[in-house]
1. Condition check: modelled with pLDDT of 85 or more and over 22 Å from Phe200 (Cβ atoms). Does His387 satisfy that?
2. Consider Thr402 carefully, then state whether it is assigned by TED's automatic domain parsing to the domain that holds Met140 and either farther than 21 Å from Met355 by Cβ or among the aliphatic types (A, V, I, L, M) (or both).
3. Can you find a residue in the stretch 275-294 that is farther than 30 Å from Glu249 by Cβ and in contact with a Pro (Cβ under 8 Å, 6 or more places away or on another chain)?
4. Only one of (1) at pLDDT 90 or above; (2) of a type outside the set (S, T, N, Q); (3) in contact with a strand residue (DSSP E or B) (Cβ under 8 Å, 6 or more places away or on another chain) is not met by Lys364, so which one is it?
5. Would you mind stating whether Ala263 is touching a helix residue (DSSP H, G or I) at 6+ places or on another chain (Cβ under 7 Å) and at pLDDT 85 or above?
6. Of the residues Lys70, Lys80, which is at negative phi and without any contact (Cβ under 8 Å) to a residue 60 or more places away in the chain?
Amino acid sequence: MTTVSLRPNYALKKVMKKSVYALAYTVLSLGTALAVDAEHVFQDMPGGVKGYLRVLPIINREDTIDIHAKAKAVAALLRKMRGPEYNDNDNKMGITGEEALALRIECMMKKGAPLLFVPLGYPYKSTNTEKKVLSPDVDMGELMGLLTLNHICYEIGKVYAPGANVRIYSDGYLCKNVLNMSDETIQNYHSGLNKLAQMFNGHIEIIDIMKVKEIENALQSRPPEPINAAEIEKIKKKIDDMTVFMKEELDCTLREVPLREEAKIRADITLAKELETKQDNLKTAKTEGRKKRIERAISKFPSQEHKDTTIQGEFNALRHQRGKEMAEKAAQCAHVLGVASTGDLVGIDHIRLSMTAYTDMSSKCTMPIIYGVHGTPWHQTPMISDHTVTLKKRSESGTITTEKYTVNGVNLEYVKQ
(Lines give C-alpha, C1' and ligand atoms only; values in the text may rest on other atoms or scores of the structure.)
Protein backbone atom coordinates (compact mmCIF):
# COMPACT_ATOMS: atom_id res chain seq x y z
CA MET A 1 0.00 0.00 0.00
CA THR A 2 1.44 3.23 -1.07
CA THR A 3 1.07 6.23 1.20
CA VAL A 4 0.95 9.63 -0.42
CA SER A 5 2.38 12.34 1.77
CA LEU A 6 0.48 15.61 1.76
CA ARG A 7 3.59 17.45 3.08
CA PRO A 8 5.55 19.04 0.20
CA ASN A 9 9.22 18.21 -0.10
CA TYR A 10 11.93 20.85 0.54
CA ALA A 11 12.31 21.87 -3.11
CA LEU A 12 8.60 22.22 -3.52
CA LYS A 13 8.47 24.24 -0.29
CA LYS A 14 10.96 26.73 -1.73
CA VAL A 15 8.98 27.08 -4.93
CA MET A 16 5.75 27.53 -3.01
CA LYS A 17 7.35 30.05 -0.67
CA LYS A 18 8.61 32.09 -3.60
CA SER A 19 5.20 31.87 -5.26
CA VAL A 20 3.42 33.04 -2.13
CA TYR A 21 5.84 35.97 -1.76
CA ALA A 22 5.43 36.82 -5.43
CA LEU A 23 1.65 36.66 -5.13
CA ALA A 24 1.70 38.78 -1.97
CA TYR A 25 3.97 41.32 -3.67
CA THR A 26 1.67 41.40 -6.69
CA VAL A 27 -1.41 41.91 -4.51
CA LEU A 28 0.31 44.64 -2.49
CA SER A 29 1.55 46.31 -5.63
CA LEU A 30 -1.89 46.22 -7.16
CA GLY A 31 -3.38 47.56 -3.96
CA THR A 32 -0.98 50.47 -4.06
CA ALA A 33 -1.25 51.22 -7.78
CA LEU A 34 -4.98 50.78 -8.26
CA ALA A 35 -7.24 53.40 -6.77
CA VAL A 36 -10.21 52.13 -4.79
CA ASP A 37 -13.15 50.38 -6.38
CA ALA A 38 -15.64 53.06 -5.38
CA GLU A 39 -18.79 50.94 -5.50
CA HIS A 40 -17.14 48.31 -3.30
CA VAL A 41 -15.85 50.81 -0.69
CA PHE A 42 -18.89 53.09 -0.70
CA GLN A 43 -21.56 50.40 -0.88
CA ASP A 44 -24.53 52.35 0.42
CA MET A 45 -24.18 55.34 -1.86
CA PRO A 46 -27.39 56.84 -3.30
CA GLY A 47 -28.43 55.21 -6.57
CA GLY A 48 -27.84 58.41 -8.54
CA VAL A 49 -24.18 58.49 -7.49
CA LYS A 50 -23.67 54.84 -8.46
CA GLY A 51 -25.26 55.55 -11.82
CA TYR A 52 -23.01 58.60 -12.24
CA LEU A 53 -19.85 56.52 -11.67
CA ARG A 54 -20.97 53.94 -14.24
CA VAL A 55 -21.21 56.47 -17.07
CA LEU A 56 -17.79 58.06 -16.55
CA PRO A 57 -15.35 57.66 -19.48
CA ILE A 58 -12.99 54.68 -19.28
CA ILE A 59 -9.73 53.54 -20.85
CA ASN A 60 -9.98 50.63 -23.28
CA ARG A 61 -7.19 48.19 -22.34
CA GLU A 62 -7.02 46.84 -25.87
CA ASP A 63 -5.73 50.24 -27.02
CA THR A 64 -2.77 50.23 -24.60
CA ILE A 65 -0.30 47.73 -26.01
CA ASP A 66 2.79 49.85 -25.33
CA ILE A 67 3.79 52.89 -23.27
CA HIS A 68 3.15 55.28 -26.16
CA ALA A 69 -0.39 53.95 -26.55
CA LYS A 70 -0.94 54.10 -22.77
CA ALA A 71 0.09 57.76 -22.66
CA LYS A 72 -2.24 58.56 -25.55
CA ALA A 73 -5.09 56.71 -23.82
CA VAL A 74 -4.56 58.69 -20.59
CA ALA A 75 -4.49 62.02 -22.47
CA ALA A 76 -7.70 61.01 -24.26
CA LEU A 77 -9.30 60.11 -20.92
CA LEU A 78 -8.43 63.54 -19.52
CA ARG A 79 -10.01 65.20 -22.54
CA LYS A 80 -13.16 63.09 -22.23
CA MET A 81 -13.46 63.90 -18.51
CA ARG A 82 -14.21 67.51 -19.47
CA GLY A 83 -17.76 66.41 -20.22
CA PRO A 84 -19.92 64.21 -22.48
CA GLU A 85 -19.53 66.58 -25.44
CA TYR A 86 -15.77 65.85 -25.49
CA ASN A 87 -16.13 62.06 -25.76
CA ASP A 88 -15.82 61.73 -29.53
CA ASN A 89 -12.38 61.60 -31.09
CA ASP A 90 -13.25 63.96 -33.96
CA ASN A 91 -12.40 66.95 -31.75
CA LYS A 92 -15.47 68.95 -32.71
CA MET A 93 -14.92 71.13 -29.62
CA GLY A 94 -11.60 72.46 -30.93
CA ILE A 95 -9.35 71.17 -28.14
CA THR A 96 -5.61 71.50 -28.78
CA GLY A 97 -2.49 70.20 -27.07
CA GLU A 98 -3.65 66.60 -26.57
CA GLU A 99 -0.64 65.18 -28.42
CA ALA A 100 1.75 67.40 -26.45
CA LEU A 101 0.10 66.26 -23.22
CA ALA A 102 0.41 62.60 -24.30
CA LEU A 103 4.12 63.16 -24.90
CA ARG A 104 4.51 64.64 -21.41
CA ILE A 105 2.66 61.70 -19.90
CA GLU A 106 4.83 59.24 -21.82
CA CYS A 107 7.98 60.89 -20.44
CA MET A 108 6.53 60.68 -16.93
CA MET A 109 5.63 57.01 -17.43
CA LYS A 110 9.16 56.17 -18.56
CA LYS A 111 10.39 57.23 -15.13
CA GLY A 112 8.24 54.47 -13.65
CA ALA A 113 6.63 56.60 -10.95
CA PRO A 114 2.91 57.20 -10.34
CA LEU A 115 1.44 60.02 -12.40
CA LEU A 116 0.61 63.03 -10.24
CA PHE A 117 -2.43 65.26 -10.83
CA VAL A 118 -2.63 68.61 -9.05
CA PRO A 119 -5.87 70.61 -8.81
CA LEU A 120 -6.28 73.79 -6.75
CA GLY A 121 -9.57 74.25 -4.92
CA TYR A 122 -11.77 72.87 -2.14
CA PRO A 123 -11.20 76.07 -0.08
CA TYR A 124 -14.28 76.25 2.17
CA LYS A 125 -18.05 76.38 1.78
CA SER A 126 -19.85 79.52 0.65
CA THR A 127 -21.07 81.66 3.54
CA ASN A 128 -24.46 81.93 1.82
CA THR A 129 -26.20 78.96 3.44
CA GLU A 130 -29.63 80.39 2.62
CA LYS A 131 -29.46 80.49 -1.16
CA LYS A 132 -26.35 78.58 -2.29
CA VAL A 133 -25.24 75.72 0.01
CA LEU A 134 -26.74 73.58 2.77
CA SER A 135 -24.17 74.27 5.50
CA PRO A 136 -20.52 75.24 6.08
CA ASP A 137 -19.53 71.55 6.13
CA VAL A 138 -18.54 69.10 3.39
CA ASP A 139 -21.47 67.30 1.80
CA MET A 140 -22.11 64.78 -0.99
CA GLY A 141 -20.83 67.30 -3.51
CA GLU A 142 -17.29 67.08 -2.16
CA LEU A 143 -17.43 63.27 -2.04
CA MET A 144 -18.57 63.16 -5.66
CA GLY A 145 -15.67 65.41 -6.62
CA LEU A 146 -13.20 63.06 -4.91
CA LEU A 147 -14.90 60.02 -6.45
CA THR A 148 -14.39 61.59 -9.88
CA LEU A 149 -10.67 62.09 -9.23
CA ASN A 150 -10.42 58.53 -7.87
CA HIS A 151 -12.03 57.26 -11.07
CA ILE A 152 -9.23 58.83 -13.14
CA CYS A 153 -6.61 57.20 -10.91
CA TYR A 154 -8.44 53.85 -11.08
CA GLU A 155 -8.60 53.86 -14.87
CA ILE A 156 -4.91 54.74 -15.18
CA GLY A 157 -3.98 52.03 -12.68
CA LYS A 158 -5.59 49.41 -14.92
CA VAL A 159 -3.12 50.06 -17.76
CA TYR A 160 -0.08 51.65 -16.02
CA ALA A 161 1.20 49.59 -13.09
CA PRO A 162 2.54 52.46 -10.90
CA GLY A 163 -0.88 54.09 -11.11
CA ALA A 164 -1.74 57.72 -10.38
CA ASN A 165 -2.27 59.99 -7.41
CA VAL A 166 -4.01 63.31 -6.82
CA ARG A 167 -2.67 66.07 -4.61
CA ILE A 168 -5.29 68.75 -3.97
CA TYR A 169 -3.91 72.11 -2.86
CA SER A 170 -6.63 73.84 -0.86
CA ASP A 171 -6.46 77.63 -1.05
CA GLY A 172 -8.89 78.19 1.83
CA TYR A 173 -6.44 79.81 4.24
CA LEU A 174 -4.84 81.81 1.45
CA CYS A 175 -8.21 83.39 0.55
CA LYS A 176 -9.84 83.44 3.99
CA ASN A 177 -9.70 87.23 4.29
CA VAL A 178 -11.74 87.63 1.12
CA LEU A 179 -14.92 86.72 3.03
CA ASN A 180 -13.53 87.15 6.57
CA MET A 181 -13.73 83.41 7.22
CA SER A 182 -12.75 82.18 10.67
CA ASP A 183 -9.94 79.66 11.07
CA GLU A 184 -12.37 77.35 12.89
CA THR A 185 -14.81 77.27 9.95
CA ILE A 186 -12.02 76.40 7.51
CA GLN A 187 -10.53 73.82 9.90
CA ASN A 188 -13.90 72.05 10.23
CA TYR A 189 -14.29 71.94 6.46
CA HIS A 190 -10.74 70.63 5.96
CA SER A 191 -11.22 68.04 8.72
CA GLY A 192 -14.23 66.58 6.93
CA LEU A 193 -12.43 66.73 3.59
CA ASN A 194 -9.41 64.87 4.98
CA LYS A 195 -11.61 62.15 6.46
CA LEU A 196 -13.12 61.60 3.02
CA ALA A 197 -9.68 61.56 1.38
CA GLN A 198 -8.57 58.83 3.81
CA MET A 199 -11.06 56.47 2.15
CA PHE A 200 -9.01 56.45 -1.07
CA ASN A 201 -5.97 54.47 0.17
CA GLY A 202 -3.49 57.32 -0.15
CA HIS A 203 -4.35 58.12 -3.75
CA ILE A 204 -5.91 61.47 -2.81
CA GLU A 205 -4.08 63.90 -0.57
CA ILE A 206 -5.27 67.30 0.70
CA ILE A 207 -2.59 69.92 1.32
CA ASP A 208 -3.15 73.31 2.93
CA ILE A 209 -1.51 75.69 0.47
CA MET A 210 -0.29 77.92 3.31
CA LYS A 211 2.07 75.12 4.30
CA VAL A 212 3.86 75.36 0.97
CA LYS A 213 7.07 77.24 1.62
CA GLU A 214 7.06 79.25 -1.60
CA ILE A 215 3.55 80.56 -0.95
CA GLU A 216 4.36 81.38 2.66
CA ASN A 217 7.44 83.33 1.60
CA ALA A 218 5.51 85.18 -1.09
CA LEU A 219 2.86 86.28 1.40
CA GLN A 220 5.37 87.35 4.04
CA SER A 221 7.00 89.68 1.55
CA ARG A 222 5.11 92.28 -0.48
CA PRO A 223 2.63 90.61 -2.86
CA PRO A 224 4.22 90.45 -6.32
CA GLU A 225 3.16 93.24 -8.66
CA PRO A 226 1.92 92.58 -12.19
CA ILE A 227 4.89 92.80 -14.52
CA ASN A 228 3.19 94.00 -17.69
CA ALA A 229 0.04 95.60 -19.11
CA ALA A 230 -1.42 92.24 -20.16
CA GLU A 231 -1.22 90.94 -16.57
CA ILE A 232 -2.83 94.12 -15.26
CA GLU A 233 -5.70 93.77 -17.75
CA LYS A 234 -6.10 90.12 -16.82
CA ILE A 235 -6.43 91.02 -13.13
CA LYS A 236 -8.89 93.85 -13.92
CA LYS A 237 -11.05 91.39 -15.88
CA LYS A 238 -10.89 88.90 -13.01
CA ILE A 239 -12.07 91.65 -10.63
CA ASP A 240 -14.99 92.51 -12.95
CA ASP A 241 -15.96 88.83 -13.27
CA MET A 242 -15.70 88.18 -9.55
CA THR A 243 -17.60 91.30 -8.48
CA VAL A 244 -20.88 89.74 -9.69
CA PHE A 245 -20.00 86.48 -7.94
CA MET A 246 -19.11 88.21 -4.67
CA LYS A 247 -22.39 90.16 -4.70
CA GLU A 248 -24.13 86.75 -4.70
CA GLU A 249 -22.16 85.84 -1.58
CA LEU A 250 -23.55 88.96 0.11
CA ASP A 251 -27.10 88.01 -0.82
CA CYS A 252 -28.05 86.33 2.46
CA THR A 253 -29.25 87.39 5.89
CA LEU A 254 -25.84 86.76 7.46
CA ARG A 255 -24.34 89.58 5.41
CA GLU A 256 -27.44 91.47 4.27
CA VAL A 257 -28.62 92.62 7.72
CA PRO A 258 -25.46 94.57 8.65
CA LEU A 259 -25.28 95.88 5.08
CA ARG A 260 -28.87 97.13 5.23
CA GLU A 261 -28.21 98.75 8.62
CA GLU A 262 -25.20 100.51 7.15
CA ALA A 263 -27.24 101.46 4.08
CA LYS A 264 -29.98 102.91 6.32
CA ILE A 265 -27.48 105.04 8.22
CA ARG A 266 -25.93 106.23 4.98
CA ALA A 267 -29.39 106.96 3.54
CA ASP A 268 -30.35 108.96 6.64
CA ILE A 269 -27.18 111.01 6.26
CA THR A 270 -27.93 111.54 2.57
CA LEU A 271 -31.51 112.68 3.33
CA ALA A 272 -30.33 114.92 6.15
CA LYS A 273 -27.91 116.60 3.77
CA GLU A 274 -30.69 117.06 1.19
CA LEU A 275 -32.92 118.65 3.85
CA GLU A 276 -30.14 120.93 4.98
CA THR A 277 -29.55 122.02 1.38
CA LYS A 278 -33.28 122.80 0.91
CA GLN A 279 -33.32 124.84 4.11
CA ASP A 280 -30.28 126.80 2.95
CA ASN A 281 -31.98 127.36 -0.40
CA LEU A 282 -35.06 128.67 1.41
CA LYS A 283 -32.98 131.27 3.22
CA THR A 284 -31.47 132.52 -0.02
CA ALA A 285 -34.64 132.36 -2.15
CA LYS A 286 -35.31 135.76 -3.76
CA THR A 287 -38.90 135.31 -4.93
CA GLU A 288 -42.06 134.36 -3.08
CA GLY A 289 -42.82 131.65 -5.66
CA ARG A 290 -39.48 129.93 -5.11
CA LYS A 291 -39.91 130.13 -1.34
CA LYS A 292 -43.33 128.45 -1.56
CA ARG A 293 -42.01 125.65 -3.77
CA ILE A 294 -39.14 124.92 -1.33
CA GLU A 295 -41.52 125.06 1.67
CA ARG A 296 -43.87 122.54 -0.01
CA ALA A 297 -40.89 120.21 -0.67
CA ILE A 298 -39.75 120.52 2.95
CA SER A 299 -43.26 119.81 4.27
CA LYS A 300 -43.37 116.54 2.32
CA PHE A 301 -39.78 115.58 3.21
CA PRO A 302 -38.87 112.80 3.61
CA SER A 303 -41.71 110.81 2.07
CA GLN A 304 -41.59 107.10 2.92
CA GLU A 305 -41.33 106.24 -0.75
CA HIS A 306 -38.38 108.61 -1.15
CA LYS A 307 -36.75 107.17 1.98
CA ASP A 308 -37.20 103.54 0.84
CA THR A 309 -35.79 104.35 -2.59
CA THR A 310 -32.79 106.08 -1.04
CA ILE A 311 -32.09 103.16 1.33
CA GLN A 312 -32.35 100.64 -1.53
CA GLY A 313 -30.04 102.74 -3.67
CA GLU A 314 -27.49 102.91 -0.85
CA PHE A 315 -27.80 99.15 -0.28
CA ASN A 316 -27.20 98.34 -3.95
CA ALA A 317 -24.22 100.67 -4.01
CA LEU A 318 -22.82 99.04 -0.86
CA ARG A 319 -23.23 95.52 -2.26
CA HIS A 320 -21.38 96.53 -5.38
CA GLN A 321 -18.66 98.26 -3.38
CA ARG A 322 -18.19 95.33 -0.99
CA GLY A 323 -18.34 92.87 -3.88
CA LYS A 324 -15.60 94.76 -5.68
CA GLU A 325 -13.46 94.95 -2.53
CA MET A 326 -13.75 91.19 -2.07
CA ALA A 327 -13.08 90.57 -5.76
CA GLU A 328 -9.92 92.67 -5.52
CA LYS A 329 -8.73 90.59 -2.55
CA ALA A 330 -9.51 87.37 -4.41
CA ALA A 331 -7.69 88.57 -7.53
CA GLN A 332 -4.66 89.51 -5.43
CA CYS A 333 -4.65 86.06 -3.79
CA ALA A 334 -4.87 84.43 -7.21
CA HIS A 335 -2.02 86.59 -8.48
CA VAL A 336 0.17 85.74 -5.47
CA LEU A 337 -0.60 82.07 -5.99
CA GLY A 338 0.09 82.21 -9.72
CA VAL A 339 3.44 83.97 -9.34
CA ALA A 340 4.64 82.02 -6.33
CA SER A 341 3.63 78.60 -7.57
CA THR A 342 5.15 78.68 -11.03
CA GLY A 343 7.08 75.41 -11.15
CA ASP A 344 7.65 75.43 -7.38
CA LEU A 345 4.28 74.54 -5.91
CA VAL A 346 4.69 70.80 -6.30
CA GLY A 347 8.41 70.38 -6.89
CA ILE A 348 8.05 67.31 -9.12
CA ASP A 349 6.64 66.71 -12.58
CA HIS A 350 2.86 66.80 -12.51
CA ILE A 351 -0.26 67.53 -14.54
CA ARG A 352 -2.28 70.56 -13.49
CA LEU A 353 -6.03 70.18 -13.39
CA SER A 354 -8.10 73.35 -13.52
CA MET A 355 -11.77 74.28 -13.38
CA THR A 356 -11.08 77.15 -15.79
CA ALA A 357 -12.00 76.31 -19.38
CA TYR A 358 -8.78 76.04 -21.42
CA THR A 359 -8.80 74.86 -25.02
CA ASP A 360 -5.09 73.99 -24.85
CA MET A 361 -4.46 70.81 -22.84
CA SER A 362 -0.66 70.95 -23.03
CA SER A 363 -0.12 73.02 -19.87
CA LYS A 364 -3.39 72.68 -17.91
CA CYS A 365 -6.24 70.21 -18.24
CA THR A 366 -9.73 71.56 -17.74
CA MET A 367 -11.50 69.26 -15.31
CA PRO A 368 -14.98 69.96 -13.87
CA ILE A 369 -15.32 68.93 -10.23
CA ILE A 370 -18.24 66.72 -11.22
CA TYR A 371 -18.33 65.24 -14.73
CA GLY A 372 -20.87 66.93 -16.99
CA VAL A 373 -21.94 69.38 -14.28
CA HIS A 374 -21.19 73.10 -14.18
CA GLY A 375 -20.12 74.70 -10.90
CA THR A 376 -18.49 73.59 -7.66
CA PRO A 377 -19.81 71.86 -4.53
CA TRP A 378 -18.44 74.62 -2.31
CA HIS A 379 -20.75 77.17 -3.99
CA GLN A 380 -23.71 74.96 -4.86
CA THR A 381 -25.83 72.17 -3.42
CA PRO A 382 -25.77 68.51 -4.55
CA MET A 383 -29.13 67.41 -5.94
CA ILE A 384 -29.41 63.62 -6.24
CA SER A 385 -32.21 61.43 -7.52
CA ASP A 386 -32.26 57.65 -8.04
CA HIS A 387 -30.78 58.15 -11.50
CA THR A 388 -29.14 61.59 -11.76
CA VAL A 389 -26.78 63.96 -9.98
CA THR A 390 -26.30 67.69 -10.42
CA LEU A 391 -25.33 70.88 -8.59
CA LYS A 392 -27.67 73.84 -8.17
CA LYS A 393 -28.06 76.81 -5.91
CA ARG A 394 -30.09 75.80 -2.90
CA SER A 395 -32.68 78.50 -3.66
CA GLU A 396 -33.39 77.05 -7.13
CA SER A 397 -35.20 74.02 -5.71
CA GLY A 398 -37.95 75.64 -3.65
CA THR A 399 -38.93 73.39 -0.74
CA ILE A 400 -36.16 70.84 -0.27
CA THR A 401 -35.86 67.44 1.39
CA THR A 402 -32.38 66.62 2.62
CA GLU A 403 -30.91 63.22 3.34
CA LYS A 404 -27.56 62.12 4.76
CA TYR A 405 -25.00 59.58 3.71
CA THR A 406 -22.43 58.82 6.43
CA VAL A 407 -18.91 57.62 5.66
CA ASN A 408 -15.85 57.50 7.92
CA GLY A 409 -17.73 59.45 10.58
CA VAL A 410 -18.68 62.30 8.23
CA ASN A 411 -22.36 63.10 7.65
CA LEU A 412 -22.79 64.17 4.05
CA GLU A 413 -25.99 66.01 3.26
CA TYR A 414 -27.65 66.23 -0.12
CA VAL A 415 -31.02 67.23 -1.54
CA LYS A 416 -33.15 64.23 -2.43
CA GLN A 417 -34.93 64.72 -5.76
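The values are calculated or read from the model by the stated rules, or taken from the named source; none is laboratory data. Note that this is a predicted model, so its numbers are computed, not measured. Glycine gets a Cβ as well: all are built from the backbone with ideal geometry, and neighbour counts include every protein chain shown.
1. Judged against the criteria, His387 is a match.
2. For Thr402, the condition - assigned by TED's automatic domain parsing to the domain that holds Met140 and either farther than 21 Å from Met355 by Cβ or among the aliphatic types (A, V, I, L, M) (or both) - is met.
3. Yes: one or more hits.
4. (1)
5. yes
6. Only one candidate qualifies: Lys80.
Residue by residue, here is whether (1) part of a loop (DSSP other than H, G, I, E, B); (2) among the aliphatic types (A, V, I, L, M); (3) at pLDDT below 95 holds:
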{"position": "Glu99", "(1), (2), (3)": "no, no, yes"}
{"position": "Pro123", "(1), (2), (3)": "yes, no, yes"}
{"position": "Glu130", "(1), (2), (3)": "yes, no, yes"}
{"position": "Asp137", "(1), (2), (3)": "yes, no, no"}
{"position": "Gly141", "(1), (2), (3)": "no, no, no"}
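Residues checked against (1) of a type in the set (A, V, I, L, M); (2) at pLDDT below 85; (3) surrounded by 23 or more Cβ atoms within 10 Å (Cβ to Cβ); (4) not in a helix (DSSP H, G or I):
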position: Asn150; (1), (2), (3), (4): no, no, yes, no
position: Tyr154; (1), (2), (3), (4): no, no, yes, no
position: Gly202; (1), (2), (3), (4): no, no, no, yes
position: Ile227; (1), (2), (3), (4): yes, yes, no, yes
position: Val244; (1), (2), (3), (4): yes, yes, no, no
